[in-house]
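Have a look at the structure below, then the notes.
A short reminder: the numbers here are calculations on the coordinates, not readings from a lab. Note that this is a predicted model, so its numbers are computed, not measured. Reconstructed Cβ throughout: ideal geometry from the backbone, glycine too, with neighbour counts over all protein chains shown.
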Number of protein chains: 2
Amino acid sequence: MTTVSDIGEAGLLARIQKILSKPHANLLVGVGDDAAVLRALGPTAVVSTDMLVEEVDFRRVWAGPSDIGHKAAAVNLSDLAAMGAAPRALLAAVAMQPDEDVGFILKLLKSLDATGRRFGAPLVGGDISKTTGPLVVSVTALGAAPKRRALRRHGAQVGDIVMVSGTLGGAALGLRGLQAAERVSPLLRRRQLRPEPRLALGLALGVCPGVHACADISDGLVKDVMHLVPPRYGVHLETARLPMTRGLHKLPLDVARLLAMAGGEDFELVFAVAARALDRVRQLAQSAKTPVTPIGQVIAQSGLWIDKKQPKAPGRGGHGFDHFA
Amino acid sequence: MTTVSDIGEAGLLARIQKILSKPHANLLVGVGDDAAVLRALGPTAVVSTDMLVEEVDFRRVWAGPSDIGHKAAAVNLSDLAAMGAAPRALLAAVAMQPDEDVGFILKLLKSLDATGRRFGAPLVGGDISKTTGPLVVSVTALGAAPKRRALRRHGAQVGDIVMVSGTLGGAALGLRGLQAAERVSPLLRRRQLRPEPRLALGLALGVCPGVHACADISDGLVKDVMHLVPPRYGVHLETARLPMTRGLHKLPLDVARLLAMAGGEDFELVFAVAARALDRVRQLAQSAKTPVTPIGQVIAQSGLWIDKKQPKAPGRGGHGFDHFA
């Protein structure tokens, strides 16, 4: 194993530059200058940043470098999807210990770049830094919205149908199995380690009249669905309609529903659609090869309602994931 | 003291949103959605990322939260200055332990935003994450270049004059004093903790014919000046010409020159100018209220030459700062 301190910062940078030197239409100047230079990001630039921390967001015993690189890209691309933006570039800053394996870092960045490129966003620049603590991968995604207004949160109107893409709960169930060192099915492993950002759907929703609000599901449906409505409105969810990832059906129904509603990290889109636009949205979803399911409705009473009841007062931060709860 | 785990991620986000809610012309959607939305970044977007890690890039015994926030912004803005770009927005991802002081994080982000705004780049979004290790502040700066081509490294031509802005060595001497817990003059403290990105000068150089290459000095002059030339060319520096920060003159000359040449973190611009453009550059520098000094020349022999001699073979990564050397 070659460690980072064996080859120094300059040596590591040279190797990174080599694996990232592929040209890309969006990129005028890539890694190796003071900053990257990109073609215009369209009339409206959409930018997001998300950081993965070892032992908090991933463990090396169950996540390989390619998994970590993919996920670091995917969680950021998912934010762009939720805004209806087209990805254009990624930046990555990585903090590592001096005895870090060079091969691990290169595989991680190669995977990050590959996932970005698959959606039009090569890794164009970054920073490497020393740390005394866990590995940190901080990614910024840059995108372009096709029109002046991006697809926002909070815009839902009373009577809107709440829809979700794909299936729910698989990422959380996969995590459970990985953490317990159990055998995990390839599907559940993929749902946890290799989430697919819903970019084709997000882009289509972003220009579809009647789509009023959208967010991605990172912290859990019950938390993220509330981003669709202003505080005076609420959301009513029907649990029988929740599309659950294959494998959840083997669990007791209440456990499966809890994972689907509060598990998080599915990186599906949840969005609010005027009833009149429902058919159009179904067509768009079909073109984007992404299943979508109506799971509830926006209501005039504030708060979250599940099967016509309000869940018991949740803890601080509500249900769903809170880093510090 | 209120800790982050006292108020949770949601509580911290709400407080951050409050201190960052000021409007800005560049910003269509700020903190609180899946991503930030900005007005067009011009024909050419310039983007850079730089991460500060506690115990590596700063220590709390000598750097307060406002210092850390300022520097996290300034080192990124300095990269944009070196590309001749105008700053438009900052993003910040912060990893912190659960017992972190909320007040510390808010002061840090407020200072980061204030420094960004002073140069046209408010803090528009970010991420907070838990860590078991040191505090990590990862910033991305977004800017716009006024024309299709940004100001690059490596473009220097033989015979070009090498110039540097401001003075050198102050940041390194300040760091020395802070690390030794000595009394440090306000000037040297400012040079280490509050570097000023040379944005006015960078923007002017970016559109000035005859300015062939530019970089900022983060790792030390002897390392960063070599970024100006392609590998087949070299740089000749004249030590007698080096503009040294006030306070270095009290040191033995060889120590002072070492700090000025290899100390790093001065965040001045070093650039290569065709002789015919020298007068124009002096005028532009005067308009930008930034002193500039010719310190050497680009030569046809490769490598670094100091006072007509080649310095002894430097260690891996050359002289100057290397995180892992």
From the square roots a ≥ b ≥ c of the eigenvalues of the alpha-carbon gyration tensor of the stretch B:180-325, which class results: rounded (a/c under 1.5), prolate (a/b over b/c), or oblate? oblate
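Give me the net charge for the shell around B:ALA260: Cβ to Cβ below 14 angstrom, other residues only, Lys and Arg +1, Asp and Glu -1. Can you show the working numbers first?
Working: positive: B:ARG176, B:ARG191, B:LYS223, B:ARG241, B:ARG246, B:LYS250, B:ARG257; negative: B:ASP219, B:ASP224, B:GLU238, B:ASP254, B:GLU265, B:ASP266, B:GLU268, B:ASP307.
Around B:ALA260, the charge tally is -1.
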Report, by chain and number, residues whose modeled amide H sits under 5 Å from the one on A:THR44, excluding near sequence neighbours (fewer than 5 apart, same chain). A:ALA145
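Suppose only helical runs count, i.e. DSSP H with n ≥ 4. What mean residue ellipticity at 222 nm does that imply for chain A under -39500 (n - 2.57) per run, divided by all residues and rounded to the nearest 500 deg cm²/dmol? List each step's numbers first, then the result.
Values: 9 runs with 101 residues, N = 325.
Counting only the DSSP helices, I get -9500 deg cm²/dmol.
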How many nanometers, to one decimal and shortest first, lie between the label point of B:SER302 and those of its other copies, if labels sit 7 Å from Cα toward Cβ? 6.8
Over the stretch A:174-224, what per residue volume does the convex hull of the Cα atoms give, in whole Å³? 89 Å³
Spelling out what I want: for every residue of the stretch A:236-249, take phi, set θ = phi - 60°, compute 6.51 cos²θ - 1.76 cosθ + 1.60 (Karplus), and round to whole Hz; glycine and proline get x. 10, 9, 10, 4, 5, 8, 4, x, 9, 5, 3, x, 6, 5
Please work out the Kirkwood hydrodynamic radius for the stretch B:39-139, using every pair of different C-alpha atoms, and report it in angstroms with one decimal place. 13.8 Å
Can you list, shortest first in nanometers, how far A:ARG118 lies from the same residue in the other copies, with each label 7 Å from Cα toward Cβ? 4.4
About the Cα centre, charge dipole magnitude for chain A (Lys/Arg +1, Asp/Glu -1 at Cβ), debye: 1200 debye
Assign one of three labels to the stretch A:117-227, namely rounded, prolate or oblate, based on the Cα gyration tensor with a ≥ b ≥ c the square roots of its eigenvalues; rounded applies when a/c is under 1.5, prolate when it is not and a/b is larger than b/c, and oblate otherwise. oblate
Measure nothing but the geometry: give the 0 to 90° angle between the long axis through the Cα atoms of A:278-287 and the longest principal axis through the Cα atoms of chain A, rounded to 10°. 30 degrees
Ranked B:VAL139, A:VAL136, criterion: other C-beta atoms within 10 Å, fewest first: A:VAL136, B:VAL139
Copy-to-copy spacing for B:ASP254, label 7 Å out on the Cα-to-C-beta vector, in nm, shortest first? 7.9
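Let me have the relative contact order for the stretch B:71-190, percent, based on Cα pairs under 8 Å that are six or more residues apart. Could the numbers behind the result be given before it?
Details: 161 pairs, mean separation 38.7, N = 120.
Result for the stretch B:71-190 is 32 percent.
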Name the chain A residue nearest the rotation axis between A and B, going by Cβ position, and give the distance in whole Å. A:GLY133, 1
When DSSP assigns beta bridges and you keep just the ones with both residues in the protein assembly as shown, what percent turn out antiparallel, to the nearest 5? 75 percent
Cα gyration tensor of the protein assembly as shown diagonalised, 5x eigenvalues square-rooted, in angstrom largest first, produces semi-axes 46, 24, 22
Read phi for every residue in the stretch A:42-58 and hand back ³J(HN,Hα) as whole Hz from Karplus 6.51 cos²θ - 1.76 cosθ + 1.60, θ = phi - 60°, with x for Gly and Pro. x, x, 9, 8, 10, 9, 8, 9, 8, 10, 10, 10, 4, 6, 10, 9, 7
5 angstrom amide H check on B:ASP127, placed H, neighbours 5+ away: B:ALA92, B:ALA93, B:VAL94
Phi angles of the stretch A:24-37, converted by Karplus (6.51 cos²θ - 1.76 cosθ + 1.60, θ = phi - 60°) into ³J(HN,Hα) in whole Hz with x for Gly and Pro, give 8, 4, 6, 10, 8, 9, x, 4, x, 10, 5, 7, 8, 10
Once Lys and Arg get +1 and Asp and Glu get -1 on their Cβ, which of A:VAL158, B:LEU284, B:VAL37 lies farthest toward the positive end of the dipole of the protein assembly as shown? B:LEU284
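Would you list B:THR293, B:THR140, A:THR132 from fewest to most Cβ contacts within 10 Å?
A:THR132, B:THR293, B:THR140
Can you pull the mean other chain C-beta count within 10 Å for peptide B:81-94?
Details: counts 2, 3, 6, 1, 3, 0, 0, 2, 2, 2, 8, 4, 11, 2.
Whole-number average of other-chain Cβ neighbours for B:81-94 is 3.
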Relative contact order [Cα under 8 Å, 6+ residues apart], the stretch B:188-260, whole percent: 20 percent
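With a/c under 1.5 counting as rounded, go ahead and sort the stretch A:8-55 into rounded, prolate or oblate using the C-alpha gyration tensor (a ≥ b ≥ c being the square roots of the eigenvalues; past the cut-off, prolate if a/b is larger than b/c, else oblate).
Working: a/c = 2.58, a/b = 1.25, b/c = 2.06.
In terms of gyration-tensor shape, oblate.
When you have a sec, figure out the Kirkwood radius of chain A from all distinct Cα pair distances and drop it here in Å to one decimal?
Details: mean 1/r = 0.0488 Å⁻¹.
It is 20.5 Å.
Please arrange B:CYS214, B:CYS208 by how many other C-beta atoms lie within 10 Å of their C-beta, fewest to most.
Numbers: B:CYS214 31, B:CYS208 17.
With the fewest neighbours first, B:CYS214, B:CYS208 line up as B:CYS208, B:CYS214.
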Give the Cα extents of the stretch B:30-89 along the principal axes, in whole Å, largest first. 43, 31, 16
For a test of understanding, tell me how many lysine pairs in chain B have Cα atoms under 15 Å apart, given they are 8 or more places apart or on different chains. 6
